[in-house]
Each structure stands twice: as structure tokens, then as C-alpha cells.
1. What's the extension gain from Asn96 to Tyr45 if we count 0.36 nm per residue and subtract their Cα-Cα distance?
2. Short version: ³J(HN,Hα) in whole Hz for each residue of segment 49-59, in order, from phi by Karplus 6.51 cos²θ - 1.76 cosθ + 1.60 (θ = phi - 60°), x for Gly and Pro, what are they?
3. Pull out the extension gain between Lys77 and Ala36, defined as 0.36 nm times the separation in residues minus the alpha carbon to alpha carbon distance; nm, one decimal.
4. Note down the nm distance, to one decimal, between modelled labels 7 Å out along Cα→Cβ at Lys57 and at Ala69.
5. Quick one: 3J(HN,Hα) in Hz for segment 95-108, Karplus 6.51/-1.76/1.60 with θ = phi - 60°, rounded, Gly and Pro as x.
6. Hey, what do the phi angles of segment 41-47 turn into as Karplus ³J(HN,Hα) couplings, whole Hz, using 6.51/-1.76/1.60 and θ = phi - 60°, x for Gly and Pro?
7. Using alpha carbons only, how many degrees (0 to 90, rounded to 10) separate the axis of helix 78-93 from the longest principal axis of the chain?
8. Calculate, in whole percent, how much of the Cα-Cα pair population of segment 2-74 lies beyond 20 Å.
Amino acid sequence: MVLARTLSATLTEAELRIMQVLWDKQSATVQQVLEALPRERPLAYNSVLTIIRILEKKGCVRHVKDGRAHIYRAVLKHDEAKRSEIQHLLGRFFQNSRELLVLNILEDHGIDAQELQRLRQLLDENR
């Protein structure tokens, strides 16, 4: 969704945690989001509500009313969020160069033989 990327290049860590729940569940109340969040880094109900409202203002989330409850769903698709994050990373650290990004990953030695083989295969397919 273009609107979400225009308003904010990236999601904060807390926003990403909540979006992950909404992507997994498709829709949820604030309480359901709260219950689905990992226990090792808990958030208060009001914090979750505040973050969801921010996400709604950014255009990442929408809600419908169901009685007194609000049911939230992700408008921003997971793939769109990943692309937006990569674009932000490219612009911020790699002068918009995909080559510099890939070279940095390869030079970091953080890639195993299986991942390297998959990259070669993708490169061959895109020639």
C-alpha cells in the first residue's frame, strides 16, 4: 500500500511486533493482539492500543466496529513492509545500491553454502 510507505519509511520495533500478530491472525481486537504478543517483552494494554492507533494513522491498519469492540486488520501487506524496509536500508546505508548491499552481506561471511547456492540459482534465473 503506497500510503503507508509515504507516511513512514519504516515500522518501529513495537509496531512491527503488532503488525506480525495482525498478519498472522488476519484480524484481532486489542486484547487478542496483547495475548498473542511474546511474553518475554510484554506490553501494557494501553501501549498496544496506542501503537495500533498510530499504525491506523499511518495507513497500515484499519478497524471495523463489532458492538463495543474494534476489530483491527492489517492493510499493509507483509511483503510491502519488507520491500519498504529494504528500500529504507538501501537509501540510508548503501546509496540506493543493491550491489553494495549484497556485497556487504557476502563480505560479512554471514552466508552459508546453501544460501549462496540459492543466490546463484536466482541470479542465473534472472539473466
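Read the figures in this text as sums done on the coordinates, not as results from a lab. This structure is a prediction, so every number in the text was calculated from the model and none was measured. Positions of Cβ are backbone-derived with ideal geometry, glycine not excepted, and every protein chain shown enters the neighbour counts.
1. Taking 0.36 nm per residue and subtracting the Cα distance, the gain is 14.5 nm.
2. Karplus-based 3J(HN,Hα) across segment 49-59 equals 4, 4, 5, 4, 5, 4, 4, 5, 5, 6, x Hz.
3. That works out to 12.9 nm of additional length.
4. 2.6
5. 6, 6, 9, 5, 4, 4, 4, 5, 4, 5, 5, 5, 6, 6
6. For segment 41-47, the Karplus curve yields 9, x, 10, 6, 3, 5, 5 Hz.
7. 60
8. Beyond 20 Å sits 22 percent of the P(r) for segment 2-74.
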